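The next block holds one structure in the form of structure tokens; read it before the comments.
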Amino acid sequence: MIIESWKDKGFIDEPIPEGIDLKSEIRKMCKEKNALIMAHYYTEGEVQDIADFVGDSLALAQKAAQTDADIIVMCGVHFMGETNKILCPDKKVLVPDLNATCSLAESCPADEFATFVSQHPDHTVISYVNTTAATKAVTDVVVTSSNARQIVESFPKDEKIIFGPDQNLGNYINSITGRNMLLWNGACHVHEKFSLEKILQLKAEHPKAKILAHPECKGPVLKVADKVGSTAALLKYSIEDDSNEFIVATESGILHEMQKAAPQKTFIPAPPNDSTCACNECNYMKLITLPKLYNCIKYEWPVIEVDPEIAVKAIRPIKKMLELSK
Ligand code: 13P
Ligand code: SF4
């Protein structure tokens, strides 16, 4: 049963039956349906807590490639659901709200990227995983923030490379590898907004704090960071490092897992340059809520579909990434 109004909205807004224990009902349905809930670190804490698996975008793709679940429920953004569907074409892949897109993926329309690629026929095309399936389809190898350096360095020093869509990550990889990749000028609306000035102000107030930054942040923020890395790498560093205080320049959802793993430590979310908004939150990730997750598993909708012609092209660069990251 799929109701037309759900299609218009992109999610199911059925009221939750009164008196039910949402969390145990979700777990019960997962067992009955052999469904696996995966969540990205940027989702709400209660969504992360109910998931079977929480990870960064590389770990989520690796997990999808291995699971024997019949249904994958991706609590994250649309491109993550697409990646899972491409890797598992015979499984049902669900994302609780189709409006959960990604500003970075949207900053790289596939047709414009394909034109750019065709203008540089002698270049190898490396795309960040935060892209639509159609953009991946014109890509040679996909990367995430976990493996971008390793994969770029797997090519000869003089390889001509196009890197898209995140120019901040691209600039960062150029700076640490000495490459001169041609960059697409996309960016993430969350990571672009961190204020260097406010981070330095925080650092002055907490001189012992280490600064952690995701490579989607702008160069000046990355320059002052003690650790630059993917969400999983920042989490690992925060657990293993001796410091007790951390200023965290990435989406604030990661603080949930950091605080859980090291409750005795203090994690300070880096402020955005606009103090009037919660711009260090990804509004797309935060669309995934427990009630939507409940309805999504119950009605097995919204389903992620990928055009088979695009999927056959997009699977090659994704598989290449998984092989190179083993
Ligand atoms: P990770 O690859 O670190 O999980 O990052 C994904 C993302 O969307 C960052 O904004
Ligand atoms: Fe996309 Fe930015 Fe949200 Fe990550 S934080 S999913 S890059 S919009």
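The values are calculated or read from the model by the stated rules, or taken from the named source; none is laboratory data. Predicted model only: the values in this text are computed from it and were never measured. As a convention, Cβ positions derive from the backbone with ideal geometry for all residues, glycine included, and neighbour counts pool all protein chains shown. For accessibility, only protein heavy atoms count, side chains too; no ligands or nucleic acids. Shrake-Rupley method; radii C 1.70, N 1.55, O 1.52, S 1.80 Å.
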> Tell me, what HN-Hα J-couplings in whole Hz come from the Karplus equation 6.51 cos²θ - 1.76 cosθ + 1.60 at θ = phi - 60° for each residue of segment 12-18, using x for Gly and Pro?
Replying inline: 9, 10, 4, x, 6, x, 4
>> I need the P(r) histogram for segment 1-97: all alpha carbon pairs, bin width 5 Å from 0 out to the longest distance, whole percents.
In response: 2, 13, 22, 24, 22, 12, 4, 1
> Taking H as built 1.01 Å from N, whose amide H comes closer than 5 Å to the amide H of residue 41, not counting residues under 5 places away?
Replying inline: 55
> Based only on the alpha carbon positions, what is the Kirkwood hydrodynamic radius of segment 77-190, in angstrom?
Replying inline: 14.5
> Using modelled amide H (1.01 Å from N, peptide plane; none on Pro or chain starts), what sits under 5 Å from the amide H of residue 92, excluding residues fewer than 5 places away?
Replying inline: 72
> Once phi is turned into ³J(HN,Hα) by the Karplus curve 6.51 cos²θ - 1.76 cosθ + 1.60 with θ = phi - 60°, what whole-Hz value does each residue of segment 193-200 show in order, with x for glycine and proline?
Replying inline: 8, 5, 9, 4, 4, 6, 5, 5
> Taking a probe of 1.4 angstrom, what is the accessible area of residue 27 in Å², to the nearest 10?
Replying inline: 80
>> Leaving out ligands, DNA and RNA, and with a 1.4 Å probe, what % of the accessible surface on segment 120-170 is carbon or sulfur?
In response: 47
> What residues qualify as long-range amide H neighbours of residue 161, i.e. H under 5 Å apart, gap of 5 or more or another chain, H built at 1.01 Å from N?
Replying inline: 124, 182
> Counting only heavy atoms of protein chains, what accessible area per residue, in Å², does the chain have with a probe of 1.4 Å?
Replying inline: 43
> In segment 201-326, what percent of the accessible surface is made up of carbon and sulfur (1.4 Å probe, ligands and nucleic acids excluded)?
Replying inline: 53
> Among 222, 200, 273, whose Cα sits farthest toward the positive end of the charge dipole of segment 169-326 (+1 at Cβ of Lys/Arg, -1 at Cβ of Asp/Glu, about the Cα centre)?
Replying inline: 222
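Quick one: of 85/218; 63/320; 91/236; 33/85; 7/85; 7/31, which pairs are farther than 24 Å apart, Cα to Cα? Mind dumping the intermediate values first?
On the way: 85/218 31 Å; 63/320 16 Å; 91/236 31 Å; 33/85 18 Å; 7/85 19 Å; 7/31 27 Å.
Violating the 24 Å limit, Cα to Cα: 85/218; 91/236; 7/31.
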> So what J values fall out for segment 228-239 if you push phi through Karplus, 6.51 cos²θ - 1.76 cosθ + 1.60 with θ = phi - 60°, rounded to Hz, Gly and Pro as x?
Replying inline: 10, x, 5, 4, 5, 5, 5, 4, 4, 4, 5, 7
> Can you pull the accessible area of residue 115 for me, 1.4 Å probe, Å² to the nearest 10?
Replying inline: 70
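Rounded to whole Å and ordered largest first, report the semi-axes of the equivalent ellipsoid of the chain derived from its Cα gyration tensor (root of 5λ).
For the chain, the semi-axes come out at 30, 27, 17 Å.
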>> With unit charges on the beta carbons (Lys and Arg positive, Asp and Glu negative) and the dipole taken about the Cα centre of the chain, which residue among 171, 55, 114 sits farthest to the positive side?
In response: 171
